[in-house]
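Participant: Have a look at the structure that comes next, please.
The values are calculated or read from the model by the stated rules, or taken from the named source; none is laboratory data. Predicted, not measured: the structure shown is a model, and the values here were computed from it. Neighbour counts are summed over all protein chains in view; Cβ atoms, including those assigned to glycine, are modelled from backbone coordinates with ideal geometry. Surface areas here come from the heavy atoms of the whole protein model, side chains and all, with no ligands, DNA or RNA. Shrake-Rupley method; radii C 1.70, N 1.55, O 1.52, S 1.80 Å.
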Amino acid sequence: VTGACFVLAALRLAGAALLSPGSCAFEDSACGYEWDYAHLPWTLHGEGHYISVDTSYEGEKAVLSSPDLYSEEWSCVRLIYQIAVTSETSPDPARLNLYLRQEGESFDRLLWSAKEPSDSWLIASLDLMNSTKKYKIVLEGEMGQDKSASIAVFEIKITPGYCIECDFEENHLCGFVNRWNPNVNWFVGGGNIRNSQSILSKDHTLNSELGHYMYVDSVYVKHFQEVAQLISPKTTAPMSGCLSFYYQLKQESSIVFTIYLRDTSGFYEEIWKTDSALSVDWALAEVDFNALYPVEVIFEVAFNSARGGYVALDDISFSPVYCSNQTGMRTPFNPAEAGCNFEEDLCNFYQDHKDGPGWSRVKVKRNIYRAGDHTTGFGYYLLANTKFTSQPGYIGRLYGPTLPGNLQFCLRFYYALYGFFKMSGTFAVYIFEENHVVQEKIWSVLDSPKGVWTQAEISFKKPMPCKVI
C-alpha cells in the first residue's frame, strides 16, 4: 500500500511538473492566479478541482488574473468551464469573458465570451499569436440578474501549437466535437478500454493499441447518404499554411470523405476530398489552409450503405508554411496589413487631397475633458479637422488599402464624436468597388455617447476587390 501511495504521489508530482506556465487544474491551489479583491471573491474547491464564483455575495463581477506569462511561440489556451443558472430567459444572463492583458497597453483585449448555461462542463479553445511582450490572461465572471447563477472554471491549459491540432490522446479531444446523428457518429478508437469498439489494431501517434484516434463506421447506416461530422474548435486568430492529417479508409461501397471550412455565417467551403478508395495503412493528407476570419474545420464522411466501410483519423497538425506539393500559390492576404493604430504613420491608409482638408494624425494629452488615444491613452489617433466641421458640405475621406474579393471581412474600429448637435450623417463607412467605381454605404453612426471611445464592428463580403472609406 505504501509503495502504491508513493507511485501515485510521484505521478501527481510529474503531472504538476508538466503543466506549462499559466496552466492550472485547481487541485490544491490557484497556481499563481489572483483575484481582484475590489470585486466578488473566487472560491477554490480543492476536492472538486475547480474555482467558482456565485451570487451568494452581492456584486456585479469577479476578476481572476494569471501570473505574468511569456511566449514567443504560437500557443493554445483551453478553458474548461460551466455556467449554471436558474432562469435561461434572463435579459441579463451570467457571462464568462476571457481577456488578454499585454504589457504596455492600457486596454484588455477581449478574446472570448460565453453565456450559454449547461448541465456539464464545456470547453473553449483560443489561439494566442506569438508575441515578444509579456501578457496576462484575465477571466471575468459577470453575474447578471439571475438570483442564483454560478460560474465554475475546472481547468486552464496553455500548450504550444495551434488549437486545431490534435492527436486525440487527451480526454477532452482538443475541443473537437461530433455532430450527433442517430445512426452514424465519430467515436474515439483505441486505448485499453475493455470491449472497445476499436476497428484498428494501432493508432498513428503511438503506433500502439493503447493510442487513440477518431473513427466512423457504416455499420449502423439506415438511409442513403448518411453523414457524420467531426468539428474542430473555431479559429480565433488569422492563420494560413498547411493543414495535415493521417487517415485510413476502407471502402466496400461508396464513401465520400471531405474536409470543409465553415464560417460564422454557416457558409461551407470544400478544401479537400479523398481520391482513393482504399488506404490499408495510415496515409498522410495535406491541404493548403487559409483562415483569415473565424472558421471551423469539418471532417465529413458520407455513406451510402451499411456495408460502406470506415474512415479513421489521427494526428491533425498545422504549419504556417504552405504544403510542399503546392507551387505557384498566390501570397495570402494578411489582414494585419489592412489595419492601423496610427502610432507611427497612416500605415496603408491614405487621403485624396482633392477632397479638401480631411484627417490629421494628432496626439492629445488626456485630461478630465478629453480622453487620450484608444491604443495606449498616450499615443496618436486621427482627428477630422474641427475648424471645418461647421461648414456645410465639409467631407474628410480616409481610404483603406485594397482588399481581395470573395473573402468575408470584419471591420472593427473605435470612434469618438465631439461637438455635434445631431449625430446622424456625421460619420459613415463606405465600400468602394474599384472595377465598377461603385460606392455603397455599409454603416453610419446613429447615436452614441459623446467624447467616449465607442467600438463599431461591420461584416462584409464583396465579389470584387474593394476599399473601405
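Participant: For MET464, which sequence-distant residues (separation of 5 or more, or a different chain) have an amide H within less than 5 Å of its own amide H, given hydrogens modelled in the peptide plane?
Facilitator: Sorted by chain and number, the residues that satisfy this are ASN406.
Participant: Hey, another quick one. Net charge near LEU126: determine it from the other residues with C-beta under 12 Å of the C-beta of LEU126, scoring Lys and Arg +1 and Asp and Glu -1. Could the numbers behind the result be given before it?
Facilitator: Values: positive: ARG78, ARG109, LYS157, LYS234; negative: ASP127.
After counting each charged neighbour, the total is +3.
Participant: A follow-up question, please. At what distance in angstrom do the alpha carbon centres of segment 38-79 and segment 209-230 lie from each other?
Facilitator: Here the two parts' Cα centres lie 38 Å apart.
Participant: Set the Förster radius R0 to 41 Å, insert the Cβ-Cβ distance between LYS363 and GLN439 as r into 1/(1 + (r/R0)^6), and round the FRET efficiency to 0.05. All intermediate terms of the calculation are to be shown ahead of the outcome.
Facilitator: Details: r = 31 Å, r/R0 = 0.77.
That pair, LYS363 with GLN439, gives E of 0.85.
Participant: Within 10 Å, count the other beta carbons around each residue, average over each peptide in 283-289, 244-250, 405-411, and list them highest first.
Facilitator: 244-250, 283-289, 405-411
Participant: At a probe size of 1.4 Å, how large is the accessible area of GLU169, to the nearest 10 Å²?
Facilitator: In the full protein context, GLU169 sits at about 60 Å².
Participant: Net charge around CYS347, counting only other residues with Cβ within less than 12 Å of its Cβ (Lys, Arg = +1; Asp, Glu = -1)? Before the final figure, lay out the partial values.
Facilitator: Numbers: positive: ARG361; negative: GLU337, GLU343, GLU344, ASP345.
Result for the local shell: -3.
Participant: Shifting gears a bit: If you average 1/r over every pair of different alpha-carbon atoms in segment 34-160 and take one over that average, what Kirkwood value in Å do you get?
Facilitator: Values: mean 1/r = 0.0658 Å⁻¹.
In segment 34-160 this quantity evaluates to 15.2 Å.
Participant: Test of the criteria: in segment 63-104, which chymotrypsin sites (Phe, Trp or Tyr not before Pro) are in a DSSP loop and have at most 15 other Cβ atoms within 10 angstrom of their Cβ?
Facilitator: Working: sites: TYR70, TRP74, TYR81, TYR99; in loops: TYR70, TRP74.
The qualifying sites are TYR70.
Participant: Hey, another quick one. Under 5 Å between amide hydrogens, which residues at least 5 positions from ASP108 or on another chain qualify, with H placed 1.01 Å from N in the peptide plane?
Facilitator: Counting only residues 5 or more places away or on other chains, the set is empty.
Participant: A further question follows. Determine the alpha carbon to alpha carbon distance for each of LYS134/LYS450; LYS61/LYS363; LYS61/LYS136; LYS234/LYS273; LYS134/LYS234 and list only those over 23 Å. Kindly include the intermediate steps, with their values, before the conclusion.
Facilitator: Values: LYS134/LYS450 34 Å; LYS61/LYS363 34 Å; LYS61/LYS136 18 Å; LYS234/LYS273 21 Å; LYS134/LYS234 25 Å.
Too far apart for the 23 Å limit: LYS134/LYS450; LYS61/LYS363; LYS134/LYS234.
Participant: Which length gain, in nm to one decimal place, applies between THR264 and THR43 when the Cα-Cα distance is subtracted from 0.36 nm times their residue separation?
Facilitator: Working: separation 221, 0.36 × 221 = 79.56 nm, distance 3.50 nm.
Working it through step by step, the gained length comes to 76.1 nm.
Participant: Still on this model: Per 0.36 nm of contour for each residue apart, how much would the distance between ARG179 and PHE413 grow if the chain were fully extended, relative to their Cα-Cα spacing? Each step should come with its number before you reach the end.
Facilitator: On the way: separation 234, 0.36 × 234 = 84.24 nm, distance 3.54 nm.
Gain in length upon complete extension: 80.7 nm.
Participant: Still on this structure, I have one more. Need one number: nm distance between label points at VAL219 and ALA84, each 7 Å from Cα along Cα→Cβ, rounded to one decimal.
Facilitator: 3.7
Participant: What distance in nm separates the simple spin-label points at THR402 and SER319, each placed 7 Å from Cα in the Cβ direction?
Facilitator: If labels sit at THR402 and SER319, their model points lie 3.1 nm apart.
Participant: While we're on this one: Express in nm, to one decimal, how much length is gained between HIS172 and SER131 on full extension, taking 0.36 nm for each residue of separation and deducting their alpha carbon distance. Could you put the intermediate results ahead of the total?
Facilitator: Values: separation 41, 0.36 × 41 = 14.76 nm, distance 2.70 nm.
Using 0.36 nm per residue and subtracting the Cα-Cα distance, I get 12.1 nm.
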